[in-house]
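Student: Got a structure for you, written out below as structure tokens; questions coming shortly.
The values are calculated or read from the model by the stated rules, or taken from the named source; none is laboratory data. The structure displayed is predicted, hence computed values, not measured ones. Note: ideal-geometry Cβ built from the backbone for every residue, glycine included; neighbour counts use all protein chains shown. Please note that ligands, DNA and RNA were not included when accessible areas were found on the heavy atoms of the full protein model with its side chains. Shrake-Rupley method; radii C 1.70, N 1.55, O 1.52, S 1.80 Å.
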Amino acid sequence: MKFTYYALFSIIFLLVVFVGAATLGIQRYDLATDTALKVAFWTSVPVGVFVVCAGLMLFYKKLREIMAAKRLEKDFTILADEIYTKALSLSPSPLALLESSTPPQSNQPQNPHQSAESPKHARFSHKGVAEISKILARFALTPKLDSPDSGCGKIDKLLALYDSIAHGQAEDLRKQPLSKDNPFALQNQKNHIQASVKNALEAFCDKSLAPELRQLAFSVIMHNAKEKELLKALQSECCDCLDVESVARVLEHCISARIMLGSPARLCKAVHFSPNDYLALAKSLQNLLSPDEWLAYFEKLASDDENAQSAYLFVLIELEMIEQAQQELKSFRPDEMLGIRAYLELKRLGKPYPLHAFSI
């Protein structure tokens with residue numbers, strides 16, 4: 001029963017008791033009006049005291065309910081803040097959490113029901129909410145971006161931000177700082193890099209960024225930048241983030257786009273091209289260059305980097321320049337280039353085999 005209804009009922013009830021007692025005293029007991037009113041008054045006093053006491057009890061109960069609701073609301077606010085904090089520091093995967101955890105270093109016996117580093121939980125008024133908080137602390141949360149709004153403003157705003165990032169938008173995270181391990185923070189950096197060649201050039205030259213991001217920036221430059229911008233990036237001192245595969249792709253791209261590089265060997269040596277890497281590059285460029293261009297290209301590479309000499313020999317043999325290949329072999333020790341030597345010897349004896357059957 002609402003306290004307002006109870007108060008209204010109590011007033012009406014007291015009036016009924018008072019009027020009823022006064023009427024009964026006058027009509028049945030022939031009391032004077034003053035005497036009947038006094039009797040009615042004193043009859044109503046105990047009833048009034050009872051009504052007031054009951055009202056106080058109801059008020060106290062209502063007050064407790066209001067305070068309990070306020071405490072519960074505060075508990076849910078704290079719980080929502082915990083979920084929000086976990087959502088800000090999303091981990092790439094549960095496996096990453098397992099790999100990052102280390103066994104306790106102390107030799108002291110530990111409580112089997114308590115981890116080595118138990119997280120500190122907020123103090124909750126409601127036992128059920130406290131248990132929910134402890135349960136959630138044992139799980140890594142994954143946001144469901146296509147879910148309806150929860151009604152919690154900050155969480156809905158954060159998930160809207162994540163959804164925007166997931167759809168390729170570059171967001172300003174200065175007002176919404178995410179942890180460095182948060183995959184959405186990494187994706188937002190990628191979105192920023194892919195937004196323009198200017199952003200990609202800045203990221204490529206920023207050596208404080210992760211190699212993964214700088215390689216992505218270089219990929220954006222390679223496919224979208226003008227020749228001048230691409231050459232500027234390749235001639236900078238920022239190519240330390242590239243790997244063999246990236247350099248091979250850019251060399252193929254430059255040849256396909258007819259972009260003249262001053263010294264391809266400089267890039268290859270920067271990422272430590274091996275003889276096998278040069279050989280793979282020779283095979284990939286075979287259909288992109290004319291025979292004369294192919295020969296000149298690897299002759300230049302071989303003169304600048306000795307690791308490219310096996311690839312140069314491969315080019316000579318593929319172009320049927322056997323005598324020149326034999327001349328080049330004289331610069332190697334007898335125990336080197338055994339595959340090519342065997343191939344040439346069988347060819348001399350009239351027993352040709354495909355070159356790929358031999359280890360170069």
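Student: Out of the range 246-323, which GluC sites (Glu not before Pro) are coil in DSSP terms and have no more than 13 other C-beta atoms within 10 Å?
Tutor: On the way: sites: Glu252, Glu293, Glu299, Glu306, Glu318, Glu320, Glu323; in loops: Glu320.
Hits after loop and neighbour filter: Glu320.
Student: Count charges around Val315 for me, please; just the other residues with Cβ under 14 Å from its Cβ, Lys/Arg as +1, Asp/Glu as -1. Can you show the working numbers first?
Tutor: On the way: positive: Lys283, Lys300; negative: Asp292, Glu293, Glu299, Glu318, Glu320, Glu328.
Neighbour charge sum, excluding Val315 itself: -4.
Student: Can you tell me the 0 to 90 degree angle between the C-alpha axis of helix 291-304 and the longest principal axis of the chain, rounded to 10?
Tutor: Helix 291-304 sits at roughly 80 degrees to that axis.
Student: Using modelled backbone amide H atoms (1.01 Å from N, in-plane), which distant-in-sequence or interchain residues come within less than 5 Å of Phe124's amide H?
Tutor: Answer set, sorted by chain and number: none.
Student: Now a separate question. At 1.4 Å probe size, put Leu319, Leu349, Leu295 in order of accessible surface, largest to smallest.
Tutor: Details: Leu319 50, Leu349 100, Leu295 30 Å².
Putting Leu319, Leu349, Leu295 in descending order of accessible area: Leu349, Leu319, Leu295.
Student: Using only the Cα atoms, work out Rg/Rh for the range 261-325, with Rh taken as the Kirkwood radius, to two decimals. Walk me through the numbers before you get to the answer.
Tutor: Details: Rg = 10.9 Å, Rh = 11.6 Å.
In the range 261-325, Rg relative to Rh is 0.94.
Student: Moving to a separate point now. When you take every Cα atom in the range 229-360, what is the radius of gyration, and what is Dmax, the widest Cα pair distance, in Å?
Tutor: Radius of gyration, then largest Cα-Cα span, for the range 229-360: 15.6, 53 Å.
Student: Continuing with this model, one more query. Taking a probe of 1.4 angstrom, what is the accessible area of Met260 in Å², to the nearest 10?
Tutor: 150 Å²
Student: Among the lysines, which fall within straight-line cross-link reach of Lys228, defined as a Cα-Cα distance under 18 Å, with same-chain neighbours fewer than 8 residues apart omitted?
Tutor: Lys198
Student: Considering only C-alpha atoms, what is the centroid distance from the range 50-66 to the range 212-245, in Å?
Tutor: 76 Å
Student: Determine Rg/Rh for the chain; Rg is computed over alpha-carbon atoms and Rh is the Kirkwood hydrodynamic estimate from the same atoms. Write out the running numbers ahead of the final one.
Tutor: On the way: Rg = 42.3 Å, Rh = 29.4 Å.
That ratio equals 1.44.
Student: Given the options Val247, Val16, Val129, state which has the largest fluctuation in a GNM of the chain using a 10 Å cut-off (strictly under) for Cα springs.
Tutor: Top of the fluctuation ranking is Val16.
Student: Using modelled amide H (1.01 Å from N, peptide plane; none on Pro or chain starts), what sits under 5 Å from the amide H of Leu31, excluding residues fewer than 5 places away?
Tutor: Counting only residues 5 or more places away or on other chains, the set is Ile26.
Student: Mind telling me which of Arg348, Arg71, Arg28 comes out most flexible in a GNM of the chain, alpha-carbon contacts under 10 Å?
Tutor: Comparing Arg348, Arg71, Arg28 in a Gaussian network model of the chain, the most mobile one is Arg28.
Student: At most 15 other Cβ atoms within 10 Å and a DSSP loop assignment: could you name the trypsin sites (Lys or Arg not before Pro) in the range 157-214 that fit? Show your work: numbers first, answer last.
Tutor: On the way: sites: Lys157, Arg174, Lys175, Lys180, Lys190, Lys198, Lys207, Arg214; in loops: Arg174, Lys175, Lys180, Lys207.
Counting only loop positions with at most 15 other Cβ atoms within 10 Å, the trypsin sites (Lys or Arg not before Pro) in the range 157-214 are Arg174, Lys175, Lys180, Lys207.
Student: Averaged per residue, what accessible surface does the chain expose to a 1.4 Å probe, in Å²?
Tutor: 67 Å²
Student: When the helices in the chain are scored as -39500 (n - 2.57) per DSSP H run of 4 or longer and the sum is shared across all residues, what 222 nm value do you end up with, to the nearest 500 deg cm²/dmol?
Tutor: Values: 16 runs with 229 residues, N = 360.
Helices in the chain give a 222 nm mean residue ellipticity of -20500 deg cm²/dmol.
Student: Another question about this same structure. Over every pair of different alpha-carbon atoms in the range 1-54, take the mean of 1/r and invert it; report that Kirkwood radius in Å. Write down the numbers at each step before the final one.
Tutor: Details: mean 1/r = 0.0859 Å⁻¹.
By the Kirkwood definition, the hydrodynamic radius is 11.6 Å.
Student: Then there's this: Just to confirm the filter: which chymotrypsin sites (Phe, Trp or Tyr not before Pro) across the range 1-80 are DSSP coil and have at most 11 other Cβ within 10 angstrom of their Cβ? Walk me through the numbers on the way to the answer.
Tutor: Values: sites: Phe3, Tyr5, Tyr6, Phe9, Phe13, Phe18, Tyr29, Phe41, Trp42, Phe50, Phe59, Tyr60, Phe76; in loops: Tyr29.
Here the sparse-neighbourhood loop sites are Tyr29.
Student: Still on this model: Give me D for the range 15-89 in µm² s⁻¹, whole number, from Stokes-Einstein with Rh from the Kirkwood sum over alpha-carbon pairs, 4 °C and 1.567 mPa s. Numbers along the way, then the final one.
Tutor: Working: Rh = 16.5 Å.
This corresponds to a translational diffusion coefficient of 79 µm²/s.
Student: Continuing with the same structure: Carbon and sulfur atoms: what percent of the 1.4 Å accessible area of the range 282-348 do they account for? Numbers along the way, then the final one.
Tutor: Values: 1730 of 3700 Å².
For the range 282-348, the apolar C and S fraction of the accessible surface comes to 47 percent.
Student: Rg/Rh for the range 125-214 to two decimals, with Rh computed the Kirkwood way over all alpha-carbon pairs.
Tutor: Over the Cα atoms of the range 125-214, Rg/Rh equals 1.10.
Student: In whole Å, what is the distance between the alpha-carbon centres of the range 28-49 and the range 154-210?
Tutor: 82 Å
Student: Same structure, new question: Roughly how many Å² of Asp292 are accessible to a 1.4 Å probe, to the nearest 10?
Tutor: Accessible area of Asp292: about 130 Å².
Student: Let me ask something else about it. Show me, bin by bin at 10 Å from 0, the whole-percent P(r) of the range 155-198 based on Cα pairs.
Tutor: So the P(r) values, bin by bin, are 29, 59, 11, 1.
Student: Mean-square fluctuation check for the chain, GNM, Cα pairs under 10 Å: which of Gly55, Gly350, Gly20 is largest?
Tutor: Looking only at Gly55, Gly350, Gly20, the biggest GNM fluctuation is shown by Gly20.
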